[in-house]
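In what follows, a structure is listed as structure tokens, so that the remarks can point back to it.
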Amino acid sequence: MQSRWSDSEAQHFIDKYTSAGCPDELSLRVYTSRLLGQEPRLVLHGGGNTSVKTKIPDVLGKDTDVLCVKGSGWDLGNIEPAGLPAVRLEKIRDLASLNFLSDEDMVNAQRINLLDASAPNPSVETLLHAFLPHKFVDHTHANAVLALTDQEGGTDLCREVFGDRMGYVPYIMPGFDLAKKAKEVFEKDPNVDGLILLKHGIFTFGETARKAYELMIEMTTLAEETLARRVSRTISIGKIEKTDLKASQIAPILRGLCSINAQKPMLMDFRTNDLILRYLSGDDLNRYSQLGTVTPDHVIRTKPKPLIIHPPAVGNLTAFSMAAKEALKNYREDYQAYFARHNKNQKTPKTELDPLPRVILIPGLGLFGLGESRGASKIAADLAETNIEVISHVEAMGRFEAINEADIFDIEYWSLEQAKLGKAPEKPLARKIVAITGGGSGIGAATAEKFAKEGATVAVLDLDSRSAKSLGERLGGLGIGCDVTNAHALNEAFDCIAETFGGLDILVSNAGAAWQGRIGEVEEELLRKSFELNFFAHQAAAQAAVRIFKAQGIGGCILFNTSKQAVNPGKDFGPYGLPKAATLFLMKQYALDHGRDGIRSSAVNADRIRSGLLTSKMISDRSEARGLTETEYMSGNLLGREVTAEDVAKAFFDLATAEKTTGAILTVDGGNIEASLR
């Protein structure tokens, strides 16, 4: 591992934060914290912590000795000075004189000694940072160091690698007891450059930011070089498992089985590569994958162990579904027994978390990370990959060994760890995956914006691939260039959505175009072209969605954009109105035929919306023909108000969240009595 320290970059951080009143030391602390946080082999997703001891004026303007330490909820990779709350150093150091300190009293002591009461909670390892004398202290969960410590004989191996340059701290749960033990180990030899926390991570320290950071790089490099020399074999594999099932086929099945209920489905993130496939084909997979995580704090995001499902070699989704259901049943029972086993020993009984897996291993295919959001599923998958990398190194040298099950339980159910996950109320469409056809502009784009704002994970499909990808990525979802009149391309797009996110909950079938012509004179080719886009494309999209909905088994929702033309045809608009009328009845047929599957089907009937359908030229021509201004034409309804694409998007949202409504047609036109249905 190479040091990424740059004198010019360091000076840039000093210059940047000096104007905000930050001491140079705090600016450099931010800089090297980011260097650590942007290296995934050192920390991932909020892991690790850093600190600096400095002076900051209190409210009276008096310089105060403080410890600026990473705050809860911040990630080292993008941390700002606000993410390093300042606590009064001497008050915190005085706690070392105690023989016992509860977690509640520790948190209280840290909070009452904050210089800013509105600052985030300091790290659970604040006391360890405070009890060490050095100005800069860095802590990471370096993969290479974990590979040395997480094995039988790991302590002796670490001593062989690092010698007396490091102190060695046995595994103790983070908090007061660990801080006291680390202090004791350090004081036995104050000349060490850092501490190895066995089965946990590594600390390095120094009087300058650069010294502490480059010691971390040096020690991690020593570990990496040792692994390179010692790894003499790979995981033992009798035969690499293979299956012709695809991730897009099995993801919806797994998502349905692993959802808390229809209102609280999980999202999923699929990963595969050669390392993952070799790990999954290991002869001892059932041993080494079930022992625990490579560093304790992973457990709050991945559960103590993954679920393993062996797929059939020849694609048989029914057989896979049955095997998955049985494997999940066993997993849940095992988790519930684990909880009962350790909860009975708690002074204060815990409330059982959901027993669903957060990582699923499919030998021959890859792994899935699961979570309540897109971000959470990606984190679970990232941590699963890290576990695979570390355990693969260990098993190539010896035998993986994690902390014991009781310690795993204590971390998983530790309130200070669970607090890292946050308990903010979920938005109305949280956990929902939404596909929007014709989503690159106009009504479709407005709908994508609205659904993403309300918490949905959005997949934008559009003929204009650039617009689709730009909008999808900006909204944190997916953008796919797709001709919806091509059934094969459409099915591939839905497979991509299922593989990327795990499945689908809502389809907004919106793509369309308005062709004109007198019905007695219009060419058959134009009429067929309109039916292809304005009817058959809706049917193809709905069928693709239903395929995924039924695999999941937790219902679904189809929303069609039918337009007022479906019930109130306009003169010379037969080529557009006829397929739209058919799509209106298509909506009703889906409500009728698939209600038993928990699938809802409804439509939005909109009129006079500035979008790709009603172009500026059409608006100009129609308003001119009626002797009206464009504004007068667009607001020519009972309420006298112009209707926007955002209004239509809200109607789609209202139907999506109306859990007991199906077969409905919602009018969005400011009042057009001829187009109203009742």
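The values are calculated or read from the model by the stated rules, or taken from the named source; none is laboratory data. All values reported here derive from a predicted model rather than from experimental measurement. Note: ideal-geometry Cβ built from the backbone for every residue, glycine included; neighbour counts use all protein chains shown. Each accessible area value is taken on the protein alone, full model and side chains, heavy atoms only, with ligands, DNA and RNA left out. Shrake-Rupley method; radii C 1.70, N 1.55, O 1.52, S 1.80 Å.
Quick one: what pairs do we get from the stretch 309-323, first residue closer than 12 Å to Lys246 by Cα and among the hydrophobic types (A, V, I, L, M, F, W, C), second part of a loop (DSSP other than H, G, I, E, B) and at pLDDT 95 or above, C-beta under 9 Å, 6+ apart or different chains?
Close Cβ pairs (under 9 Å, with a partner that is part of a loop (DSSP other than H, G, I, E, B) and at pLDDT 95 or above) amount to Phe320/Ile309.
Starting from the stretch 187-199, take each residue that is in contact (Cβ under 8 Å) with a residue 24 or more places away in the chain and list its partners that are assigned to a loop (DSSP other than H, G, I, E, B), counting only C-beta distances under 6 angstrom and pairs at least six apart or across chains.
Here the result reads Leu198/Pro170; Leu198/Tyr171; Lys199/Asp150; Lys199/Tyr171; Lys199/Ile403, each pair linking the stretch 187-199 to a residue that is assigned to a loop (DSSP other than H, G, I, E, B).
Could you grab me the full set of residues in the stretch 487-528 that are open to solvent by 40 Å² or more (accessible area, probe 1.4 Å), in a helix (DSSP H, G or I) and over 26 Å from Val359 (Cβ atoms)? Walk me through it before giving the result.
Start the filter on the stretch 487-528 by keeping residues that are open to solvent by 40 Å² or more (accessible area, probe 1.4 Å), which leaves 487-488, 491-492, 495-496, 499, 515-516, 518-521, 523-528.
From what is left, the residues that are in a helix (DSSP H, G or I) are 487-488, 491-492, 495-496, 499, 524-528.
Ala487, His488, Asn491, Glu492, Glu524, Glu525, Leu526, Leu527, Arg528, listed by residue number.
If I filter the stretch 394-418 down to residues being charged (D, E, K, R) and open to solvent by 10 Å² or more (accessible area, probe 1.4 Å), which single residue comes out as farthest from Glu225 (Cα to Cα)?
First, the residues of the stretch 394-418 that are charged (D, E, K, R): 395, 399, 401, 405, 407, 410, 412, 417.
Within this subset, residues satisfying the condition of being open to solvent by 10 Å² or more (accessible area, probe 1.4 Å) are 395, 399, 401, 405, 407, 410.
Values: Glu395: 17, Arg399: 19, Glu401: 21, Glu405: 31, Asp407: 30, Asp410: 34 Å.
Applying the filter and picking the extreme gives Asp410.
Determine which member of the set Leu67, Leu28 is within 15 Å of Asn121 (Cα to Cα), touching a residue at least 12 places away in the same chain (Cβ under 8 Å), open to solvent by less than 50 Å² (accessible area, probe 1.4 Å) and not in a loop (DSSP other than H, G, I, E, B). Working first, answer last.
On the way: Leu28 fails: within 15 Å of Asn121 (Cα to Cα).
Criteria check complete, one pass: Leu67.
Could you look through the stretch 15-55, keep only residues that are polar (S, T, N, Q) and at pLDDT 95 or above, and pick out the one that is nearest to Val299 (Cα to Cα)?
The initial filter retains those residues of the stretch 15-55 that are polar (S, T, N, Q), namely 18-19, 27, 32-33, 38, 49-51, 54.
With the extra rule that they be at pLDDT 95 or above, the set shrinks to 27, 32-33, 38, 49-51, 54.
On the way: Ser27: 32, Thr32: 27, Ser33: 23, Gln38: 22, Asn49: 18, Thr50: 21, Ser51: 24, Thr54: 34 Å.
Filtering the stretch 15-55 for residues that are polar (S, T, N, Q) and at pLDDT 95 or above, the one nearest to Val299 (Cα to Cα) comes out as Asn49.
Quick grid of which residues meet (1) among the hydrophobic types (A, V, I, L, M, F, W, C); (2) free of Cβ contacts under 8 Å to residues at least 40 places away in the same chain:
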| residue | (1), (2) |
| --- | --- |
| Ile599 | yes, no |
| Met618 | yes, no |
| Glu624 | no, yes |
| Leu628 | yes, yes |
| Leu655 | yes, no |
| Ile665 | yes, no |
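Kindly provide the set of residues from the stretch 551-590 that are on the phi > 0 side of the Ramachandran plot, among the small types (Gly, Ala, Ser) and either out of contact with any Lys or Arg (no Cβ under 9 Å at 6 or more places or on another chain) or surrounded by fewer than 21 Cβ atoms within 10 Å (Cβ to Cβ) (or both), ordered by number.
Gly553, Gly555
What residue, of Leu421, Leu361, is touching a strand residue (DSSP E or B) at 6+ places or on another chain (Cβ under 8 Å) and either of a type in the set (A, V, I, L, M) or open to solvent by less than 10 Å² (accessible area, probe 1.4 Å) (or both)? It would help to see each step written out before you state the result.
Details: Leu421 fails: touching a strand residue (DSSP E or B) at 6+ places or on another chain (Cβ under 8 Å).
So the residue among Leu421, Leu361 that is touching a strand residue (DSSP E or B) at 6+ places or on another chain (Cβ under 8 Å) and either of a type in the set (A, V, I, L, M) or open to solvent by less than 10 Å² (accessible area, probe 1.4 Å) (or both) is Leu361.
Only one of Gly61, Gly47 is free of Cβ contacts under 8 Å to residues at least 12 places away in the same chain and assigned to a loop (DSSP other than H, G, I, E, B); which?
Numbers: Gly47 fails: free of Cβ contacts under 8 Å to residues at least 12 places away in the same chain.
That would be Gly61, the only listed residue that is free of Cβ contacts under 8 Å to residues at least 12 places away in the same chain and assigned to a loop (DSSP other than H, G, I, E, B).
Please enumerate the residues belonging to the stretch 406-463 that are over 23 Å from the mean Cα position of the chain (by Cα) and free of Cβ contacts under 8 Å to residues at least 60 places away in the same chain.
Answer for the stretch 406-463, where residues must be over 23 Å from the mean Cα position of the chain (by Cα) and free of Cβ contacts under 8 Å to residues at least 60 places away in the same chain: Gly440, Asp462, Leu463.
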